[in-house]
Amino acid sequence: MQKGVPQIMDITSIRSILHYLSKNILPTKFETAQQPEPNTIQLCFRGVNSQTWLEVSWNGESPRILKINKPEKIGRESTLSKQIRYGLKYMALISINQDDFERVIKFGFAKKPGDEICKYLIFELMGKHSNIFYLDNKQKIIAVGKQINSNQSSFRTISTGSIYSDPPVNLKKKPREDESFQSWKDSISTVPESLKFCLVNTYQGVSPILTKQLEVFSNANESEIMEKNIDFISDEDLNEIFKSWKIWIKRFKNNNFNFSIFNKFFYCVWFLDKEINYRNKIDLCTGIENYYDYHLKKKKFELLVNKIEGIIFKQTNTEKKNLNFQYNLLLKSENYELYKEKADKIFSTNEIKKQDIIKGQKLYKKSKKLKRSRELIKERLIIYKNNINRLDEFTTLLENLNSLNDEEFFIKIKLLEEIMEEICNEFNINFKRNREDRKSRSQIQSSPIQIATPSGLKVQIGRNMRQNDLISFKFSKKGDLWFHAQESPGSHVVLKSSSQVASEKDLQIAADLAALFSRAKRNIKVPINLVKIKDLQKIKKGGPGCVSFKNKEIIWGNPTRGEEYIKKNLKRAI
C-alpha cells in the first residue's frame, strides 16, 4: 500500500461533509446508534422522506466523519452506543457547528425543532488526540470515547461526570483571502525549512495532503517543490503556489466542493474535474465513503494476513521444536538393548553384591522404560508431523485468497477471520480480541465458491477448513466427485455429478480448479486425486476438512486454465 493511504481526513474534507449535512439533515430525528469497532460509531437520522447514516471514527490513524449507506445491523451493543441511543431517543438534531479551521464538530439536539439545545455530541477529529463526547445541557460529560487522566495530559483530563473543556487554542495564523503575496511569503519564510513544513507550521487548516494538492494544482509536482527549502525557491514558483493557495481559500470559504481522485491513491474535495482531467464524475459523499471503505478494508485485510502469518510461523516453530525433541528421545530410546546388555553382564558374574543387584535392576528398569516409550514417541512424532502439515494447509488457504484478484475485500476479510479462528481453536491458541470486536463480529458465515461447468454441473470450492468440511460431507451426495491436489495442501473441490453424468470436460475443469487452489498452482501441470464421495471418509478426531479416501484416480490439472475459466464464469452462491 502507498505510504499515507488512506489519507487523513483534513479540515477541508471535514468541511465539505459538514456542508452537505447542514443542507440535508437539519432538522432530523435521531433514530439509533451502533458501534461496529472500538473507535467508530454509526448514527442514524430520520428525515421526512429519507434516512441518513453517518459514521464517525476517532481512531488516531484515520479519524473521519462520513455519510454512509445503511450498515449491517450489529446484534450486541456497546455501552457507548447504548448511552447515546437511549439518551437521544426521540430527539431532533437541530444544529451542526464547526468554527473555521478547527477540527471540532458540535451536534446540538433538542426535544423538537425550535426548542433549546439540551444534549450535545462533540467530535474532535485531531489525529491521535481524536475523541467523541456525549454531553448534557450543562456541558457535563455523560459518555466519552476514551478517557484521559492527568498522567496522560497536563492540559485537560477527560472523564465521565466532569465538565467539557475545549481543546487547546490553535495559535497558528488563519488563512485569509485578502492576504498579499509578500505578507504570505514573509509569514512562511521565518524558518528556512521545506515549503511543506513552513505551510503546515504557519497556517491553520493546512495538512500534508493539502500541500500535495497545492503542488499538483500548480503543476509543480514534477519538481517536488514542497520538499525544497523555501530559501531556494524562486518568487515565480512561489507565486504559482500562492495562486493555488488563494483558490483553495476561496472555495473553502464559499463551500465550493467537488470530489476527485489524483495521483491514483489520493482524493481532493476542491479540485474541479477539468482542472485535473478527472472524467468520472461522482457525488462527493459517495466518493469519500467509497474511498475510505476500500482503503480501510484493504488495510484491515493486510493487517489480518500479517497477524495470521505470524500465528502460523510461531506455531510451526513450536511444532518443529517439539518434533526435534521427540526425535532426540527416540534416539536415546534406541539404546534400550545396551542397558539390558549391561544388566545381563552384571547378573552373569559369579560373585554378585547387593549394590550390583540394585544397579542391575535399575538398568533393566531403564531398558524396559525406553523400550515402552518408543511406541509413544512414534505416536507423538506422527502428531507433530500432522500438525506441521496442517499448518501448511492453512498457509495455502491464506495464499489462495489472492487467486481471485477482483474479489471484494469484505469477502476476503470474512474468510481471514474464519481462518484465524480455525487455527486458534485447533491449536488452542489464545489471542487478544477487544471486547467491542467480539461483540461486533458478524454471525453470517462465508460461503464456498460455486461455479458452473459448460454442461451446467455445479463445482464447489472450499476456501477454509469449515467450507472444505461442508462441501465434502454435508453438502455432497452419492454420485458427486471429490478433487484434491496429490500430496499438496489445497482446497477441496466437489463436482456435483449426482444430478447428471459428468463429461470429460467437466472433470477437467474441476481438476484445473483443484490445481489452481493448491500449493502447486505455480506448476504447469498438477496431479489431482479424483475420488468418489462414497469413498471419502472423515478422519476421527481430526480437525475440519481432515479426510481419508480409497480408490483414487489421477487426473492432471492445469492451474492457468483454471484461473482463466474462473475469471470468466464465477458466480458466488449466497
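No lab work stands behind these numbers, since they all come straight from the coordinates. Keep in mind that what you see is a predicted model, and the values were worked out from it rather than measured. Methodologically, a virtual Cβ is constructed for each residue, glycine included, from the backbone with ideal geometry; neighbour enumeration extends over all protein chains shown.
Below is a table of values for the structure above.
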item	result
C-alpha center-to-center spacing [segment 505-524, segment 192-271] in angstrom	52 Å
Net lengthening on full extension, PHE232/ASP392 (0.36 nm per residue, minus Cα-Cα)	51.9 nm
Cα-based reach from LYS174 at 12 Å (exclusive), listing aspartates and glutamates while leaving out same-chain residues under 8 positions away	ASP99, ASP100, GLU102
Cα-projected label distance for ILE524 with LYS243, points at 7 Å along beta-carbon direction, nm	6.0 nm
Helix axis angle, 504-516 relative to the chain longest principal axis, alpha carbon, degrees	70 degrees
Sites TRP556 and SER447 - FRET efficiency at Förster radius 45 Å, r taken between beta-carbons, to 0.05	0.95
Rel. contact order, % - alpha carbon contacts under 8 angstrom, at least six apart, the chain	9 percent
Cα gyration tensor shape for segment 181-282, rounded if a/c is under 1.5, else prolate or oblate	prolate
Label point distance in nm, GLU77-ILE261, each placed 7 Å from Cα along Cα→Cβ	3.9 nm
Diffusion constant of segment 1-143 at 20 °C, which comes from Stokes-Einstein with the Kirkwood Cα-pair radius and 1.002 mPa s, µm²/s	138 µm²/s
Net +/- balance of residues flanking ARG251 in space, Cβ distance below 15 Å, scoring K and R +1, D and E -1	+2
Solution diffusion estimate, µm²/s, Stokes-Einstein, segment 449-572, Kirkwood Rh from C-alpha pairs, 25 °C, viscosity 0.890 mPa s	175 µm²/s
Order of LYS196, LYS228 under a 10 Å beta carbon neighbour criterion, fewest first	LYS228, LYS196
Long pairs among LYS264/LYS414; LYS73/LYS299; LYS185/LYS246; LYS264/LYS297; LYS298/LYS412, criterion Cα-Cα beyond 21 Å	LYS264/LYS414; LYS73/LYS299
Cross-link pairs LYS474/LYS550; LYS307/LYS538; LYS106/LYS253 - those with Cα-Cα distance over 26 Å	LYS307/LYS538
The chain: angle of helix 409-426 to the longest principal axis, Cα-based, in degrees nearest 10	40 degrees
Spacing of the two label points (7 Å from each Cα toward its C-beta) at ASN137 and PHE549, in nm	7.3 nm
Structure-derived percent of Cα pairs over 38 Å apart: which label, when the choices are [x] 31; [y] 53; [z] 36	[y]
Computed helical MRE - 222 nm, the chain, DSSP H runs ≥ 4 contributing -39500 (n - 2.57), nearest 500	-13500 deg cm²/dmol
Crossing angle, helix 284-333 versus the chain [Cα axis fit, 0-90 degrees, rounded to tens]	20 degrees
Using θ = phi - 60° and Karplus 6.51 cos²θ - 1.76 cosθ + 1.60, couplings along segment 262-275 (whole Hz; Gly, Pro as x)	9, 6, 6, 9, 10, 10, 9, 10, 10, 6, 8, 3, 5, 7
